[in-house]
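The values are calculated or read from the model by the stated rules, or taken from the named source; none is laboratory data. What you see is a predicted model, and the numbers here were worked out from it, not measured in a lab. Positions of Cβ are generated from backbone atoms using ideal geometry, with glycine treated the same way; all protein chains shown enter the neighbour counts.
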Amino acid sequence: MNDNIAPYGAQQQPSYDGTQGTHTMGQQWMQPQPAKKPAWYKRTWVIALAVGFVCLGLGAASAGTTDVTTTSEYKSVVDQRDAARSDLSDTETELATSKTDLRTAQADLETIAGEIPAREAAVTEAEASVKAREAAVTKKEKSVGKREKAVGLVEQTIANNTLSGDGIWEVGADIKAGTYKTIGGSQCYYAVLNSTDTSDIADNNNVSGPAILSVSDGQYLELSGCGDWVWQR
């Protein structure tokens, strides 16, 4: 018996003879190579599909003359197909809805884009109208200001030319010479004096209604119980 022969069932270990990549059994000892992507027919989904069809075929063969369409494998594949068709139909419906929504949005955008020039023109017109009204208001404010000033001057003039209450005024110093008018009073008394002496009377009168009097420079005017006397001229 050859002592170099391993017993049955024992694994024979290769012995190297010193030459790289060879062993005593004459077989080539290859260096590890990078992993390659499996061919399409070796990929998982292809293998799974093939196994499914094989199982379907084996089931049919084992059934003899049994109708393959009645097998559970066939029904499972059909159910999966129908589910895929249903999903596809739903997706197509959603796609059609999305396209409709897109067309509607595009139409709305085009409508809005078409309205923008008209709206911009309306805004420009409104701005011009506001500016015109602001200018008109400013002009009227100036006019009102002038009128108020004029009224104020008139009021001031009237106040300066109005005699109110009781007293004695020197014409030319306290009041202006000229004609004065009053609406009168229930107990109105006036006297035009030649001096400060109240008995040195040039003209006097008691009036209960409108009255007019005239005074000259150097004279004096005495008033008692009358309304306002306003200088006329």
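Please specify each residue of the range 149-195 satisfying the condition of being more than 19 Å from Gly227 (Cβ to Cβ) and modelled with pLDDT under 90.
Scanning the range 149-195 gives Lys149, Ala150, Val151, Gly152, Leu153, Val154, Gln156.
Which residues, counting only those in the range 122-178, are polar (S, T, N, Q) and either in contact with a Cys (Cβ under 7 Å, 6 or more places away or on another chain) or more than 30 Å from Val192 (Cβ to Cβ) (or both)? Don't jump to the end; show me each part of the working.
Taking the range 122-178 and keeping what is polar (S, T, N, Q), we get 124, 129, 138, 143, 156-157, 160-162, 164.
Hits for the range 122-178 are Thr124, Ser129, Thr138, Ser143.
Yes or no: Ile212 out of contact with any Leu (no Cβ under 6 Å at 6 or more places or on another chain), within 21 Å of Thr157 (Cβ to Cβ), in contact (Cβ under 8 Å) with a residue 24 or more places away in the chain and surrounded by 12 or more Cβ atoms within 10 Å (Cβ to Cβ)?
On the way: out of contact with any Leu (no Cβ under 6 Å at 6 or more places or on another chain): yes; within 21 Å of Thr157 (Cβ to Cβ): yes; in contact (Cβ under 8 Å) with a residue 24 or more places away in the chain: yes; surrounded by 12 or more Cβ atoms within 10 Å (Cβ to Cβ): no.
When the stated conditions are applied, Ile212 does not pass them.
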